[in-house]
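Here's the structure we're looking at; comments come further down.
The values are calculated or read from the model by the stated rules, or taken from the named source; none is laboratory data. For clarity, every value in this text was computed on a predicted model and none was experimentally measured. As a convention, Cβ positions derive from the backbone with ideal geometry for all residues, glycine included, and neighbour counts pool all protein chains shown. For the accessible areas, the whole protein counts, side chains as well, though only heavy atoms, and no ligand, DNA or RNA atoms are used. Shrake-Rupley method; radii C 1.70, N 1.55, O 1.52, S 1.80 Å.
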Amino acid sequence: MTLRKAVAALVPKTELDSMKQALLGLAIDADYVVDAHCDDGEIVYAYVSDPDHPAVDLLSRHIGSVVTIGPRLSRSRADVIGRGARRKSFFPT
């Protein structure tokens with residue numbers, strides 16, 4: 001069974017589950033998925049699953065993130081991502 005068929009076979013129990021199923025179905029073929037949440041009272045940050053990807057710094061700067069976080073990052077890359085006005089990077093080891 002393909003992933004697309006497995007997602008289509010899911011039976012959502014709530015409206016939220018239905019929305020999640022629809023988003024997962026749309027994301028299956030995507031090269032990148034951006035999970036954006038909007039709240040005018042919070043700082044802008046980027047959480048990335050692959051901090052070594054060459055587009056991380058570009059994405060972070062484009063959205064105006066004050067901080068870029070992720071699961072891992074080499075020290076030299078943290079210095080590069082952390083450069084810039086008011087920007088910090090935090091990647092737990």
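Quick look at the values:
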| read-out | value |
| --- | --- |
| Considering residues of region 36-49 that are in contact with a helix residue (DSSP H, G or I) (Cβ under 9 Å, 6 or more places away or on another chain) and either touching a residue at least 60 places away in the same chain (Cβ under 8 Å) or open to solvent by 60 Å² or more (accessible area, probe 1.4 Å) (or both) only, the residue nearest to Gly70 (Cα to Cα) | Tyr45 |
| Filter pass, Gly25 being open to solvent by less than 100 Å² (accessible area, probe 1.4 Å) and without any contact (Cβ under 8 Å) to a residue 12 or more places away in the chain | no |
| Region 54-72, residues that are out of contact with any Phe, Trp or Tyr (no Cβ under 9 Å at 6 or more places or on another chain) and part of a loop (DSSP other than H, G, I, E, B) | Pro54, Gly64 |
| Which numbered condition Gly64 fails, given (1) open to solvent by less than 50 Å² (accessible area, probe 1.4 Å); (2) at pLDDT below 85 | (2) |
| Region 1-22, residues that are surrounded by 12 or more Cβ atoms within 10 Å (Cβ to Cβ) and either free of Cβ contacts under 8 Å to residues at least 12 places away in the same chain or closer than 30 Å to Val66 by Cα (or both) | Leu10, Pro12, Asp17, Ser18, Lys20, Ala22 |
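So that you can scan it fast, the table gives a plain yes or no per residue for (1) farther than 26 Å from Val56 by Cβ; (2) within 21 Å of the chain's Cα centre (by Cα); (3) part of a loop (DSSP other than H, G, I, E, B):
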{"residue": "Ala6", "(1), (2), (3)": "yes, no, no"}
{"residue": "Lys13", "(1), (2), (3)": "yes, no, yes"}
{"residue": "Asp17", "(1), (2), (3)": "yes, yes, no"}
{"residue": "Gln21", "(1), (2), (3)": "yes, yes, no"}
{"residue": "Leu24", "(1), (2), (3)": "no, yes, no"}
{"residue": "Asp29", "(1), (2), (3)": "no, yes, yes"}
{"residue": "Val34", "(1), (2), (3)": "no, yes, yes"}
{"residue": "His37", "(1), (2), (3)": "no, yes, yes"}
{"residue": "Glu42", "(1), (2), (3)": "no, yes, yes"}
